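All remarks here apply to the structure that follows.
The values are calculated or read from the model by the stated rules, or taken from the named source; none is laboratory data. The model shown is predicted, which means the values in this text are computed figures rather than measured ones. Ideal geometry is used to build each Cβ from the backbone, glycine not excepted, and the neighbour counts take in all protein chains shown.
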Ligand code: BGC
């Protein structure tokens with residue numbers, strides 16, 4: 001390897017001295033030094049070099065990129081894979097370009113680099129931000145060892161429509177849960193010391209409202225009014241920015257007609273002026289030119305102008321800013337102030353990451369991929385993310401089980417179980433449920449495997465009858481069904497949320513045998529599995545669980561681990577209920593508890609005989625599975641809820657508590673959840689909002705007092721008119737195992 005470090009140290013010293021390095025920086029804070037360095041460097045840059053920093057290119061080949069890098073026309077490269085390539089590119093930037101500015105290397109490291117963790121939706125199901133932070137740290141350690149110092153994650157888009165394939169990439173439907181998970185992910189990637197060579201800059205995306213795409217169709221328009229934007233879609237971004245996220249990515253959608261990449265209100269008014277964000281904004285892939293496709297800009301010149309003036313700092317791949325920036329300045333359509341703002345924001349991030357001191361990656365250090373610690377954390381995450389939706393007692397599998405029939409297209413599909421956005425994880429390192437079951441059972445139990453369907457979309461039903469015969473000779477059937485990884489993620493939307501292919505037929509046939517059927521679903525979204533819940537003795541739901549999904553699921557099934565995941569999204573009965581979420585506002589005509597449905601309504605009924613209330617004649621009023629739901633192998637009893645005071649002022653802090661008891665025979669982990677309702681507001685309010693949660697592990701018979709501190713200021717929201725405040729009045733609170741149940745306690749804010 002070239003001694004890049006030495007060569008660079010010499011060049012860097014030269015650069016510093018050419019930076020007006022006379023100033024005494026010894027009395028400055030770290031931040032002041034960075035600002036000083038940014039200003040000094042900026043003052044030496046030509047307009048072309050400034051526009052170059054705003055330009056991000058996708059990796060093609062070193063030779064192809066060399067001229068542009070040498071000419072200072074590239075600020076960042078995405079999609080490099082190895083340290084050798086990164087060093088070669090970096091060498092061109094820091095040795096051969098006039099100002100020696102290092103490149104920022106980036107990649108979509110979404111839920112792990114080599115060691116793949118559960119998809120973010122699964123990580124949301126853990127309700128365990130500390131574990132999510134650890135997963136992000138591991139991803140950063142692995143990715144940064146190849147020179148990647150910037151990832152396009154976390155996605156903190158609130159997603160309430162499972163047709164939208166990208167629901168897989170976020171933490172679910174809830175602003176509070178997503179805020180905690182997003183912030184934890186940022187901390188995990190970046191660490192407290194950004195200049196640590198393993199720190200990886202986070203990119204919070206997609207700013208903003210992308211998950212509200214009409215009809216759950218990716219890239220579709222959104223129509224989110226400002227109040228809903230502020231109350232539902234912005235908090236998770238604010239939390240990530242407050243956690244220190246260095247970059248933010250614009251979204252592909254237009255909201256109320258304004259594409260995010262040209263939206264001054266979100267990029268300047270909110271992000272910069274209200275939140276004080278001082279990192280940089282990158283567009284999503286090609287989104288500056290995308291303004292032309294939207295019909296929001298006439299050509300690349302117009303698109304570049306609109307995105308710069310709106311507050312974009314770096315353009316991902318479409319090159320419109322680089323090509324048109326100089327003319328826009330000449331024509332006075334953009335000011336040099338806007339360009340300097342953008343370039344300063346980018347340089348600030350590069351200085352913070354220590355790239356100027358440390359542009360190269362050690363190609364000789366031992367591999368940090370798939371270390372035992374990383375695999376252990378990935379397994380823990382997969383265990384905690386699995387949600388037990390039903391169990392008639394068949395789980396955990398009894399010691400008396402001697403013949404297990406394993407079926408289904410996801411039982412031994414190492415690539416599919418990793419889920420969407422896996423560019424670097426290798427299926428050769430993935431352990432499937434079949435492999436793990438065989439390993440764990442050894443010779444003690446006969447494990448028979450029949451995939452029945454070759455892949456999830458397989459419609460060939462010819463092997464079902466053989467499986468039914470085999471099932472009759474088994475003590476239990478373990479069916480692994482769901483979605484191939486390709487069926488969720490970007491641009492992978494579905495208008496039907498039933499299990500694809502002949503999976504329904506297979507489960508129905510197996511469910512009719514006398515042998516208990518345990519169904520394990522591995523998918524990128526909540527599917528409409530009402531039939532499968534009815535036909536199975538137990539159902540375990542695992543959002544694509546990653547590299548260690550097999551051992552995690554096998555341990556859960558066998559009782560070596562205990563299920564503790566909770567639904568981070570509401571599961572619909574029928575796709576027509578989408579978008580569906582628990583925090584709906586109170587309507588004027590709520591449904592009754594037991595509405596008469598479609599097939600029970602007498603023929604010739606008069607129009608108003610079923611009342612005029614808010615429910616579907618076919619799907620009824622309820623979800624299939626509510627938000628926050630998940631069973632364990634034990635039972636928990638919630639005591640009465642106590643509140644520190646039933647009358648509080650806006651500056652007070654409430655303490656809400658209950659006593660939780662494990663009333664079952666085995667240890668278990670409960671996710672205790674605190675919900676609040678603001679009963680009357682200047683606008684209508686959600687019927688419940690998650691405010692706190694805690695994972696609590698109890699031994700059989702053990703009780704524990706669970707207390708939540710809730711500052712009353714946490715009850716603030718964007719009121720009418722648009723002011724963020726707590727409105728005095730009546731509130732209700734629940735401490736409960738999920739969003740659907742529990743007895744409320746009342747309090748008043750004076
Ligand atoms: C996606 C982003 C991603 C980017 C870079 C886009 O298509 O929307 O989420 O980070 O590509 O790969």
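Quick notes on this structure:
- Any hit, the range 141-155, residues being over 30 Å from residue 222 (Cα atoms), in a helix (DSSP H, G or I) and within 16 Å of the ligand (Cβ to nearest atom): yes
- Here residue 77 clears all of (1) touching a residue at least 60 places away in the same chain (Cβ under 8 Å); (2) within 16 Å of the ligand (Cβ to nearest atom); (3) crowded, with 22+ Cβ neighbours inside 10 Å except the condition numbered (1).
- Per this entry, residue 97 is not counted among residues that are out of contact with any helix residue (DSSP H, G or I) (no Cβ under 7 Å at 6 or more places or on another chain), outside the structural domain of residue 170 (by TED's automatic domain parsing) and either away from the ligand (no atom under 16 Å from the Cβ) or touching a residue at least 40 places away in the same chain (Cβ under 8 Å) (or both).
- Helices (runs of 4 or more DSSP H) contained in the range 1-54 and holding at least 1 residues modelled with pLDDT under 50 and over 40 Å from the mean Cα position of the chain (by Cα): 4-17
To keep it simple, each residue is scored yes or no on (1) in a loop (DSSP other than H, G, I, E, B); (2) within 16 Å of the ligand (Cβ to nearest atom); (3) within 32 Å of the chain's Cα centre (by Cα); (4) in contact (Cβ under 8 Å) with a residue 24 or more places away in the chain.
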residue: 470; (1), (2), (3), (4): no, no, no, yes
residue: 490; (1), (2), (3), (4): yes, yes, yes, yes
residue: 494; (1), (2), (3), (4): yes, no, yes, yes
residue: 498; (1), (2), (3), (4): yes, no, yes, yes
residue: 522; (1), (2), (3), (4): no, no, yes, yes
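- Residue match in the range 172-194 (condition: within 16 Å of the ligand (Cβ to nearest atom), surrounded by 24 or more Cβ atoms within 10 Å (Cβ to Cβ) and in a loop (DSSP other than H, G, I, E, B)): no
- Test result for residue 565, in the same structural domain as residue 173 (by TED's automatic domain parsing) and in a loop (DSSP other than H, G, I, E, B): yes
- The set of residues in the range 277-307 being outside any helix (DSSP H, G or I) and either more than 24 Å from the chain's Cα centre (by Cα) or surrounded by 20 or more Cβ atoms within 10 Å (Cβ to Cβ) (or both) consists of 277, 279, 280, 281, 282, 283, 284, 295, 296, 297, 298, 299.
- Residue in the range 309-335 that is farthest from residue 262 (Cα to Cα), counting only those that are in a helix (DSSP H, G or I) and without any contact (Cβ under 8 Å) to a residue 60 or more places away in the chain: 330
- Total residues in the range 104-137 satisfying the condition of being within 16 Å of the ligand (Cβ to nearest atom) and either in a helix (DSSP H, G or I) or touching a strand residue (DSSP E or B) at 6+ places or on another chain (Cβ under 9 Å) (or both): the figure is 12.
- Taking the listed residues 669, 697, 743, the one that is under 26 Å from the mean Cα position of the chain (by Cα), surrounded by fewer than 19 Cβ atoms within 10 Å (Cβ to Cβ) and not in a helix (DSSP H, G or I) is 697, with no other qualifying.
- Members of the range 195-220 that are within 16 Å of the ligand (Cβ to nearest atom) and without any contact (Cβ under 8 Å) to a residue 40 or more places away in the chain: 220
- Selection from the range 471-502 of residues that are surrounded by fewer than 20 Cβ atoms within 10 Å (Cβ to Cβ) and farther than 26 Å from residue 217 by Cβ: 472, 473, 475
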